[in-house]
Amino acid sequence: MTLGWRLWMVVAVLSGGVLAGCSDSPKTETPQQYAEWLKTWETGKPDQPKGASEYVIGAGDTLSVFVWRNNDLSEAGVAVRPDGRISVPLVNEIVAAGKTPPQLAHEIEDGLKKYVQDPLVTVIVRSFVGPSDRQVRIIGEATDPQALPYRDGMTLLDVMIATKGLTKYAAGNRAVVVRHGPDGKEHNISVRLNDLIANGDISQNMAMQPGDTLIIPQSLF
């Protein structure tokens, strides 16, 4: 079995049968079909949250912790460890992952109150990865497959630029975005990356969402 074929099999397994056409896989939709379904699903739900919420800290992020009028307690580069915790002066082993910067700042303030009168803390995210459910993953025949931190307004074209496009072995027009929709179900959205990149078909430039996985299969020929 060649290396290329083994890679193809790995991508097929990771896609949960999407690329292999398993009968129990969710139906594949175009970006336009998904948008129409989402519009219908949201009808009558005016309170349904839309868009990205405030940034949530994840393992691998780098933070600055500033304590007003206490430079000795301030830290310019605090790394969030793989276990999601950080250590700052006088406040050891505090969980940062899964919290917004203001939430973490308030917890640090609570920890400092026994040492500092009315502490005022600001947490700034300097470099970010984000929690896994706020990332966009790209696997398969991208030039640089990786997990990207989601940001507001991210599109499929942004993802392809970040991953340096397709390899020469990619079947770009058979790519699939796997998304967990607001209905709690998995949706497989077909995207034609060759048309987007080579032909400028902007209709394929769908908006990405946190937690999306873009699967780019290998051409069999």
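The values are calculated or read from the model by the stated rules, or taken from the named source; none is laboratory data. On a predicted model such as this, the values are computed, not experimentally measured, just so you know. Because the Cβ atoms are built from the backbone with ideal geometry, glycine has one as well, and the counts that use them run over all protein chains shown.
Details
- Residue within segment 141-151 that is within 11 Å of the chain's Cα centre (by Cα) and in a helix (DSSP H, G or I) present: no
- Taking the listed residues 171, 162, the one that is outside the structural domain of residue 78 (by TED's automatic domain parsing), closer than 25 Å to residue 56 by Cα and surrounded by fewer than 21 Cβ atoms within 10 Å (Cβ to Cβ) is 162, with no other qualifying.
- Candidates are the residues of segment 116-140 that are of a type in the set (S, T, N, Q) and over 16 Å from the mean Cα position of the chain (by Cα); the one that is surrounded by the most Cβ atoms within 10 Å (Cβ to Cβ) is 122.
- Scanning segment 122-142 for residues being in contact with a helix residue (DSSP H, G or I) (Cβ under 9 Å, 6 or more places away or on another chain), farther than 13 Å from residue 54 by Cβ and not acidic (Asp, Glu) gives a total of 7.
- Of the criteria (1) without any contact (Cβ under 8 Å) to a residue 40 or more places away in the chain; (2) under 30 Å from residue 208 (Cα atoms); (3) part of a loop (DSSP other than H, G, I, E, B), which one residue 78 fails: (3)
- If you go through segment 177-198 and keep only what is exposed (fewer than 15 other Cβ atoms within 10 Å of the Cβ) and under 15 Å from residue 161 (Cα atoms), you end up with just 198.
- The set of residues in segment 84-127 being touching a Lys or Arg at 6+ places or on another chain (Cβ under 6 Å) and either assigned to a helix (DSSP H, G or I) or β-branched (Val, Ile, Thr) (or both) consists of 95 alone.
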